[in-house]
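Scroll down for the structure; my scribbles are underneath it.
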């Protein structure tokens, strides 16, 4: 199929064929990073602005490397060094960037919905690099890509997402993406960190991690989003780690082929043990590698094809 969207705002609105096109495109770009010369001229002459209002390492660097390896020019803007410190709105900041003929804005913001506001008001392409608790589409895509590469197929696989589902934008993108490709998704965590209407997304809900792991092909561990929690949701971190932290003792009771994933950054000793994060069943660093290929694919599809409608 041919890519026809100007923006990538979420996985909820994408159909199965669009997701598969991104995954297929990423396969070819993954090989680019293994070459001696890690560049292709696909986006030569294009300018990509990275507008991040939240701290980020993996996502920001991954987008920057992806753009540079496609030969685009990159402008990197952090909120602490932007005019937002003087009271300028993010829309005004983005409009000023567009006035300088920027072709794309990759935005991360602590408020849900910001990428949608920019998309409605700008002609530049917009990529959502994470908005509040809503979605993080490229993280969802790279997680799907990793499972597909390791297990051969996503359809029919049993995926467990464990942790702070309530505040996790990664969980939402994973649910939408994996479900559309035919996977069975279970969310697991304390009842206080479970969205009230999560079953309406077509997932199973579990409060027993060990039981969920025994029937899973992959476990995606989420970080406690303490920066987004406005209330006290847990009695203690020790109790959370005991019940829902992925330890080696829990892993020993599950399949030896079980994949362990984490979007990062990891809080070792809380949601995941150090021995598990570094163990042979962990594909956490492969997720990072695949994230670069996915973001190259998304940048190429949005900017590297013929003029978008």
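Of the residues screened, residue 54 is one that is in a loop (DSSP other than H, G, I, E, B), surrounded by 13 or more Cβ atoms within 10 Å (Cβ to Cβ) and within 16 Å of the chain's Cα centre (by Cα). Note on region 142-170: residues that are assigned to a helix (DSSP H, G or I) and within 27 Å of residue 54 (Cα to Cα) total 7.
Here is a check on your reading of the model: is residue 138 in contact with a helix residue (DSSP H, G or I) (Cβ under 6 Å, 6 or more places away or on another chain), touching a residue at least 12 places away in the same chain (Cβ under 8 Å), more than 23 Å from residue 95 (Cβ to Cβ) and part of a helix (DSSP H, G or I)? The answer is yes for residue 138. Counting only strands (runs of 3 or more DSSP E) that sit wholly inside region 180-281, those with at least 3 residues that are without any contact (Cβ under 8 Å) to a residue 60 or more places away in the chain and not assigned by TED's automatic domain parsing to the domain that holds residue 111 are 184-188, 204-206.
Residue 197 falls short on exactly one of the conditions (1) closer than 20 Å to residue 239 by Cα; (2) modelled with pLDDT under 95, and that condition is (1). Selection of region 8-43 for residues being in contact with a strand residue (DSSP E or B) (Cβ under 9 Å, 6 or more places away or on another chain) and surrounded by fewer than 20 Cβ atoms within 10 Å (Cβ to Cβ) yields only 12.
Scanning region 98-118 for residues that are crowded, with 20+ Cβ neighbours inside 10 Å and part of a helix (DSSP H, G or I) yields 114, 115, 118.
Restricting attention to region 254-306, the residues that are in contact with a helix residue (DSSP H, G or I) (Cβ under 6 Å, 6 or more places away or on another chain) and surrounded by fewer than 16 Cβ atoms within 10 Å (Cβ to Cβ) total 2.
The values are calculated or read from the model by the stated rules, or taken from the named source; none is laboratory data. Since the model is a prediction, treat every value here as computed from it, not as a measurement. All Cβ positions, glycine included, derive from the backbone under ideal geometry; neighbour counts span all protein chains shown.
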